1. Return only the number of the condition from (1) exposed (fewer than 15 other Cβ atoms within 10 Å of the Cβ); (2) out of contact with any Leu (no Cβ under 6 Å at 6 or more places or on another chain); (3) within 24 Å of Val73 (Cβ to Cβ) that Arg23 does not satisfy.
2. Can you pull out every residue in the range 44-92 that is outside any helix (DSSP H, G or I) and touching a residue at least 60 places away in the same chain (Cβ under 8 Å)?
3. Please determine, by comparing only the residues of the range 70-81 that are more than 11 Å from the chain's Cα centre (by Cα) and not polar (S, T, N, Q), which one is least open to solvent (accessible area, probe 1.4 Å).
4. In the range 53-64, what residues are over 14 Å from Ser39 (Cα atoms) and not hydrophobic (A, V, I, L, M, F, W, C)?
5. Show the residue pairs that are 6+ apart or on different chains and have beta-carbon atoms under 9 Å apart, the first residue being within the range 6-17 and closer than 11 Å to Ala43 by Cβ, the second being assigned to a helix (DSSP H, G or I) and open to solvent by 50 Å² or more (accessible area, probe 1.4 Å).
6. Specify the residue that is modelled with the highest pLDDT; the eligible residues are those in the range 61-98 that are β-branched (Val, Ile, Thr) and more than 22 Å from His22 (Cβ to Cβ).
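The values are calculated or read from the model by the stated rules, or taken from the named source; none is laboratory data. As the structure is a computational prediction, the values presented were derived from the model and not from experiment. Please note: Cβ atoms are built from the backbone with ideal geometry, for glycine as well, and neighbour counts cover all protein chains shown. The protein model used for the area step is the full one, side chains on, heavy atoms only, and it has no ligands, DNA or RNA in it. Shrake-Rupley method; radii C 1.70, N 1.55, O 1.52, S 1.80 Å.
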Amino acid sequence: MSFIQFSFSSAFMLGLIGLAFHRTHLLSALLCLEGMMLSLFIALALWTLQLESSVFSAAPMLLLTFSACEASVGLALLVATARTHGTDRLQSLNLLQC
């Protein structure tokens, strides 16, 4: 495994570990998801550059588009949660009361 592959896999794993173990606020969970998506985008872009193939050239842009949509939906949910519940703590959210 090269250094570049190790760095992107470790960045993805750090985001995954942060998402799994540090879920106190919705904003921190969204930031971990965004970090995971950005590491996947850079890894996919470098992979298509290494292969020098035009078949996979649209895949990083498609992933970046989905990442932007995910971020906008996440921020909309953050604002809606903060307005209705008064906080973004995930422990105060109960799906049975919504």
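1. Unmet for Arg23, out of (1) exposed (fewer than 15 other Cβ atoms within 10 Å of the Cβ); (2) out of contact with any Leu (no Cβ under 6 Å at 6 or more places or on another chain); (3) within 24 Å of Val73 (Cβ to Cβ): (2).
2. Passing the criteria: Asp88, Arg89.
3. Among residues in the range 70-81 that are more than 11 Å from the chain's Cα centre (by Cα) and not polar (S, T, N, Q), the one least open to solvent (accessible area, probe 1.4 Å) is Leu78.
4. Selection gives Ser53, Ser54, Ser57.
5. Note: pairs meeting the criteria are Phe8/Leu40; Phe8/Ile42; Phe8/Leu46; Ala11/Leu38; Ala11/Ile42; Phe12/Leu40.
6. Within the range 61-98, the match that is modelled with the highest pLDDT is Thr65.
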